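Structure, as structure tokens:
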Amino acid sequence: MTCASPVSTLDQWTRPLGVLRLSLTARCNLACPYCCPDSADPPGTLTLDQQLRLIRVAARLGVRTLRLTGGEPLLSDRLMPLLAGVADGRCTPGDPLVGLRDVALTTNGVLLSEGRARALKNTGLDRITVSLDAVDGAVAATMAGLRGGRSAGDGLVQQVLAGLVAARAAGFDPAAGDLKLNAVIQRGVNDDQLIPLAELARSQRMELRLIEYMDVGNRNGWRMDQVLPAEVMVQRIAEHWPLRSLGRTPGGTSRRWRYHDEVSDVGVVASISEPFCGDCNRLRITADGQAFTCLFAAQGTDLTPAMGSDQELEHAIRSLWQKRSDRYSEERHCTADSLPRAEMAYLGG
Ligand code: SAM
Ligand code: SF4
């Protein structure tokens with residue numbers, strides 16, 4: 001397959017396909033109660049060849065950003081060979097992978113050792129987002145579902161901080177946006193960590209992305225009163241450090257703010273309070289090849305029967321995207337709460 005003609009694939013609301021979030025595993029080494037990962041991978045996990053073909057076909061259809069996620073992607077022995085294959089394609093003239101502008105990874109940072117961070121950089125990874133929901137050990141333990149209270153949580157925070165140091169040392173530069181921090185904020189559970197997390201991110205000149213707690217899946221017992229609206233998060237931070245708005249880039253998930261002292265940025269992902277379905281450009285593919293066009297969908301589309309040839313796969317993904325009309329977050333208020341939904345760690349966040 002060559003990249004002779006760039007293709008723009010539009011859905012029913014003329015939203016272009018732009019981002020592929022590929023989940024490498026549904027398993028995780030943490031058990032965050034707001035996420036509730038699976039303890040085993042689904043049967044029929046894609047092979048390396050199938051994953052590479054999916055990425056190549058998606059690039060052919062307009063995907064410019066690849067985000068590798070999970071579950072915890074650093075648990076997957078597929079990660080390094082996959083990155084190597086993508087890197088090869090990106091520098092092979094005529095390969096659709098040349099069109100990929102950005103290859104990113106979302107991780108909880110626990111396994112982000114010095115060696116691993118260096119290997120990721122050397123294998124062509126452009127950006128890492130590390131998730132950490134608290135600086136205080138006791139709160140971190142609660143958010144990560146760790147038994148062992150404060151001391152277990154302190155251990156987790158230290159591991160993740162060491163992971164951030166390793167990533168910087170490997171060349172992921174926070175000031176250039178190559179290294180970011182994600183935090184899910186749950187009202188009454190970790191909202192007292194907003195300022196400590198902002199302090200941590202500022203001290204490393206790193207962008208902090210604050211995510212509203214979302215009603216993904218059926219296991220986490222989500223309730224609206226557990227959501228701290230993004231506006232409140234921004235107000236609380238602005239009381240400590242004044243902010244100016246940078247807005248939200250089309251297709252982006254976060255509305256961004258810059259500290260007046262220019263130290264770094266803060267982003268808020270307001271999927272609940274200010275849904276951004278209108279320009280959603282994300283396709284999610286699970287570790288077993290199910291494609292989801294919405295984070296809140298009950299069921300995906302099995303792409304494995306179309307894996308016979310690149311043409312079949314391209315046809316399957318294109319028609320799936322062209323039929324797409326979902327915009328769940330914008331319609332949340334008029335949708336029954338009890339609908340079955342796929343879980344976050346399976347979908348890839
Ligand atoms: N294990 C990796 C991690 O935690 O970064 C990657 C997968 S995780 C599913 C991807 C992102 O989804 C994380 O930043 C996590 O905090 C976020 N997430 C998980 N469940 C969520 C929920 N119910 N609401 C909002 N964000 C959630
Ligand atoms: Fe694991 Fe990430 Fe889910 Fe936490 S949010 S349980 S780290 S997959």
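Within region 213-225, residues that are over 19 Å from residue 294 (Cβ atoms) have Cβ atoms under 9 Å from residues that are more than 10 Å from ligand 1 (Cβ to nearest atom) and in a loop (DSSP other than H, G, I, E, B) in these pairs: 225/187; 225/188, counting only partners at least 6 apart in sequence or on another chain. Test residue 347 against the criterion of being more than 16 Å from ligand 2 (Cβ to nearest atom), among the aliphatic types (A, V, I, L, M), open to solvent by less than 20 Å² (accessible area, probe 1.4 Å) and under 30 Å from residue 60 (Cα atoms), and give yes or no. It is false that residue 347 is more than 16 Å from ligand 2 (Cβ to nearest atom), among the aliphatic types (A, V, I, L, M), open to solvent by less than 20 Å² (accessible area, probe 1.4 Å) and under 30 Å from residue 60 (Cα atoms). A count restricted to region 293-349 and to residues that are at pLDDT below 80, within 16 Å of ligand 1 (Cβ to nearest atom) and in a helix (DSSP H, G or I) stands at 3.
Among residues of region 84-107 that are polar (S, T, N, Q), those with a beta-carbon under 8 Å from a residue that is surrounded by fewer than 21 Cβ atoms within 10 Å (Cβ to Cβ) and modelled with pLDDT of 95 or more at least six positions away or on a different chain give the pairs 92/98; 106/129; 107/129. Under the condition of being among the hydroxyl-bearing types (Ser, Thr, Tyr) and in contact with a strand residue (DSSP E or B) (Cβ under 9 Å, 6 or more places away or on another chain), which residue from region 67-107 is surrounded by the most Cβ atoms within 10 Å (Cβ to Cβ)? Per the criteria, the residue is 107.
Scanning region 237-295 for residues that are open to solvent by 40 Å² or more (accessible area, probe 1.4 Å) and in contact with a Leu (Cβ under 6 Å, 6 or more places away or on another chain) yields 256, 257, 258.
Just a yes or no: is a residue in region 214-230 more than 22 Å from residue 32 (Cβ to Cβ) and crowded, with 20+ Cβ neighbours inside 10 Å? Reasoning before the result, please.
Step one: filter region 214-230 for residues more than 22 Å from residue 32 (Cβ to Cβ), giving none.
Looking through region 214-230, none of the residues is more than 22 Å from residue 32 (Cβ to Cβ) and crowded, with 20+ Cβ neighbours inside 10 Å.
Here the condition is being within 10 Å of ligand 1 (Cβ to nearest atom) and either within 17 Å of residue 310 (Cα to Cα) or open to solvent by 50 Å² or more (accessible area, probe 1.4 Å) (or both); of 27, 60, it holds for 27 alone. Can you confirm whether residue 49 is away from ligand 1 (no atom under 11 Å from the Cβ), farther than 27 Å from residue 215 by Cβ and under 20 Å from the mean Cα position of the chain (by Cα)? Spelling it out, it is not the case that residue 49 is away from ligand 1 (no atom under 11 Å from the Cβ), farther than 27 Å from residue 215 by Cβ and under 20 Å from the mean Cα position of the chain (by Cα). For the list (1) touching a strand residue (DSSP E or B) at 6+ places or on another chain (Cβ under 6 Å); (2) within 16 Å of ligand 2 (Cβ to nearest atom); (3) open to solvent by 10 Å² or more (accessible area, probe 1.4 Å), I need the number of the one condition that residue 110 fails. In the conditions (1) touching a strand residue (DSSP E or B) at 6+ places or on another chain (Cβ under 6 Å); (2) within 16 Å of ligand 2 (Cβ to nearest atom); (3) open to solvent by 10 Å² or more (accessible area, probe 1.4 Å), residue 110 misses (1) alone.
Select from region 113-138 the residues that are within 16 Å of ligand 1 (Cβ to nearest atom) and over 24 Å from residue 202 (Cα atoms) and write down the one among them that is surrounded by the most Cβ atoms within 10 Å (Cβ to Cβ). Applying the filter and picking the extreme gives 120. Do we find a residue being over 28 Å from residue 225 (Cβ atoms) and open to solvent by less than 10 Å² (accessible area, probe 1.4 Å) anywhere in region 142-156? Checked region 142-156: no residue is over 28 Å from residue 225 (Cβ atoms) and open to solvent by less than 10 Å² (accessible area, probe 1.4 Å).
Name the residue that is nearest to ligand 2 (Cβ to nearest atom), counting only residues in region 18-70 that are in contact with an Asp or Glu (Cβ under 8 Å, 6 or more places away or on another chain) and acidic (Asp, Glu). Residue satisfying both the conditions and the ranking: 38.
Kindly indicate whether residue 186 is touching a residue at least 24 places away in the same chain (Cβ under 8 Å), surrounded by 17 or more Cβ atoms within 10 Å (Cβ to Cβ) and farther than 18 Å from residue 35 by Cβ.
no
Candidates in region 157-170 are the residues that are out of contact with any Asp or Glu (no Cβ under 7 Å at 6 or more places or on another chain) and hydrophobic (A, V, I, L, M, F, W, C); of these, the one that is most open to solvent (accessible area, probe 1.4 Å) is 165. Please find, within region 263-292, the residue that is nearest to ligand 2 (Cβ to nearest atom) out of those that are β-branched (Val, Ile, Thr) and not in a strand (DSSP E or B). Top of the filtered list is 286. Is it the case that some residue within region 308-323 is closer than 30 Å to residue 31 by Cβ, within 23 Å of the chain's Cα centre (by Cα) and touching a residue at least 40 places away in the same chain (Cβ under 8 Å)? No, because not a single residue in region 308-323 is closer than 30 Å to residue 31 by Cβ, within 23 Å of the chain's Cα centre (by Cα) and touching a residue at least 40 places away in the same chain (Cβ under 8 Å).
The values are calculated or read from the model by the stated rules, or taken from the named source; none is laboratory data. Here the structure is a predicted model, which means the values were calculated and not measured. Note that each Cβ is placed from the backbone with ideal geometry, even for glycine, and that neighbours are counted across all protein chains shown. Just the protein is used for accessible areas: all its heavy atoms, side chains included, with ligands, DNA and RNA removed. Shrake-Rupley method; radii C 1.70, N 1.55, O 1.52, S 1.80 Å.
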